[in-house]
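The values are calculated or read from the model by the stated rules, or taken from the named source; none is laboratory data. What you see is a predicted model; the values in this text were computed from it and never measured. We place every Cβ from the backbone using ideal geometry, glycine too, and count neighbours over all the protein chains shown. Surface areas here come from the heavy atoms of the whole protein model, side chains and all, with no ligands, DNA or RNA. Shrake-Rupley method; radii C 1.70, N 1.55, O 1.52, S 1.80 Å.
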Amino acid sequence: MQSVKNMYIKLNTKLLNFTKKKYFNEVYSALLAGLTIIGWKWNSMLGMVVMLVSAMIVLILTKDLVFVIPNTIYFIFMINTGFSNNQIPIPIIVLGIGYAIVLLLFAFKDGIHLHKMKSLYGLFGMAIINIIPIFWSKMIQPGNEVYYFLYFGNLGYVLLYFIMANGIKRDGIHIVATSMSFLAIILTFECAFKVWELKDTVESILQLAYYLGWGLCNEAGIMICVSIPFIFYLLGTEEKLGGMLYQHVKLLVAIIGLILTTSRGSYLFGFIEIGILYIVLLFTAKNARVYQNLFLVFGLFVITLMVCYKDEVIRVVDHIRHLVFTQGFDDNGRKELWIEGYSQWNKTTVTKIFGAGMVSCLMESTTALGWMKVPVVFHSTIIETLAAGGIIGFLFLSLHFYQKYRNLKQCNPLFFITIGVGYVIVDLYGLIDNTYHMYYFMLPMAVIFATIDCSVTANDKTKVLF
């Protein structure tokens, strides 16, 4: 028995030393990203099982949740089919619970580290306040019981944060950055596959609106906007030209993905974000001189192409303007949604204080499985929070935002400025679209928050809670 233990210790030591190699995070994240794309395209359930098993093996060998950051972020993006509103998605729930159990086995073996969880109170408050309205919500009718899960969504996100914050044993900033950079690649491939499948159904692919299984094309656009700042962070840390060119390839793929989402909001906020971050790195990149030269060459190259092919460029830009912005900056029905969300919040004194709940009203809408009654989502973080959790929910959201930016400020300056720009852009985006309270957004963000908090407290020797 002792010999087996000694062998395990040696294997563990060798493996941990191997993970310190320069390109480990890139290769590791790329492999799991490839698995995610393959699973989404051909067999979602099998892919999720393989992801779960691989996470279990990694945890047994390393005992550190930092190495399952990419697994945890990518897990839901393998879902390639929708669900019925009268059928609980048992396989997905079973796999999700199985994944959580695997994480739990390794997260708390050294105790609960309350001091590491610097984002806990805001997230926990939002979780509890979203459950309370279930006692007076009357909108869920027989046959729609699956919607009760929505009231516990924020609790699931805070539990994931709680698990990851306790299970990550070291600074995971670089691996979370590489994981998120490859999330943009995953989403680009998923959008490309779907666009290729539907390309013959429209005159131009920019007219497409499509469903990816885990979410809509515009929601893929939101998550690409979340991912892009992490690519810029990695770009800023590179010291050699080759590394910068490699990160630029990722960025160009992400930009293609952004275009394929055909989302007006993603175009607007995504390209503003990219422009700001390109300029920011001129002054903050680790090897600013090489980056500045590359930026100059790249800029001249793009300008030269635009001049040489100005007629084609004008035609493409005009084509995009007509196809995507045919309604200009019309709210696309959002004003009515915001008015409805306000009315749900303003119904009674109780709803003003505690909210009407995550399922405050239903509407007929087309889904992946046809026309169904679905909960109304109000396309605004503020309106959604007020409708779901009332004034108290909004106060907890405000506390969360304060904690989120405060914790980020304690990270290294390059990470703070690049991810900070991303936070601001996506939070502004969230004023007019679905970000907070949406599972595809909150699950990756819970991992990001936990990783940031653990990096801030990496050298903190405070004793565990118990």
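Residue count for the stretch 52-74 satisfying the condition of being part of a helix (DSSP H, G or I) and in contact (Cβ under 8 Å) with a residue 40 or more places away in the chain: 14. Within the stretch 235-255, the set of residues being open to solvent by 20 Å² or more (accessible area, probe 1.4 Å) and more than 18 Å from the chain's Cα centre (by Cα) comprises Thr237, Glu238, Glu239, Lys240, Leu241, Gly242, Leu245, Tyr246, Val249, Leu252.
When we screen Phe108, Phe83, Phe124, Phe77 for residues that are open to solvent by 30 Å² or more (accessible area, probe 1.4 Å), out of contact with any His (no Cβ under 9 Å at 6 or more places or on another chain), at pLDDT 85 or above and of a type in the set (A, V, I, L, M, F, W, C), the only hit is Phe124. Looking for something out of contact with any strand residue (DSSP E or B) (no Cβ under 9 Å at 6 or more places or on another chain), open to solvent by 10 Å² or more (accessible area, probe 1.4 Å) and at pLDDT below 95 - is there at least one such residue anywhere in the stretch 223-234? No, every residue in the stretch 223-234 fails to be out of contact with any strand residue (DSSP E or B) (no Cβ under 9 Å at 6 or more places or on another chain), open to solvent by 10 Å² or more (accessible area, probe 1.4 Å) and at pLDDT below 95. Checking every residue in the stretch 199-207 against the condition of being over 22 Å from the mean Cα position of the chain (by Cα), open to solvent by less than 10 Å² (accessible area, probe 1.4 Å) and over 23 Å from Ile452 (Cα atoms) gives zero matches. Within the bounds of the stretch 424-444, is there any residue that is open to solvent by 40 Å² or more (accessible area, probe 1.4 Å), at pLDDT 95 or above and closer than 23 Å to Gly236 by Cα? Within the stretch 424-444, one or more residues are open to solvent by 40 Å² or more (accessible area, probe 1.4 Å), at pLDDT 95 or above and closer than 23 Å to Gly236 by Cα. For the structure I just gave you, tell me whether His379 is closer than 17 Å to Gly215 by Cβ, touching a residue at least 24 places away in the same chain (Cβ under 8 Å), over 13 Å from the mean Cα position of the chain (by Cα) and open to solvent by 10 Å² or more (accessible area, probe 1.4 Å). So His379 passes the test.
Number of residues in the stretch 104-136 that are in contact with a helix residue (DSSP H, G or I) (Cβ under 9 Å, 6 or more places away or on another chain), within 18 Å of Asp171 (Cα to Cα) and part of a helix (DSSP H, G or I) equals 4.
All conditions but one from (1) surrounded by 19 or more Cβ atoms within 10 Å (Cβ to Cβ); (2) closer than 25 Å to Cys217 by Cα apply to Gly357; the one that does not is (2). If you go through the stretch 22-57 and pick out every residue that is of a type in the set (D, E, K, R), open to solvent by 70 Å² or more (accessible area, probe 1.4 Å) and closer than 30 Å to Thr237 by Cβ, you end up with 1.
Being part of a helix (DSSP H, G or I) and within 21 Å of Trp338 (Cβ to Cβ) is a property that holds for Phe441.
Of a type in the set (Ser, Thr, Tyr), touching a Phe, Trp or Tyr at 6+ places or on another chain (Cβ under 7 Å) and surrounded by 17 or more Cβ atoms within 10 Å (Cβ to Cβ), is that true of Tyr151? So Tyr151 does not fit the description; no.
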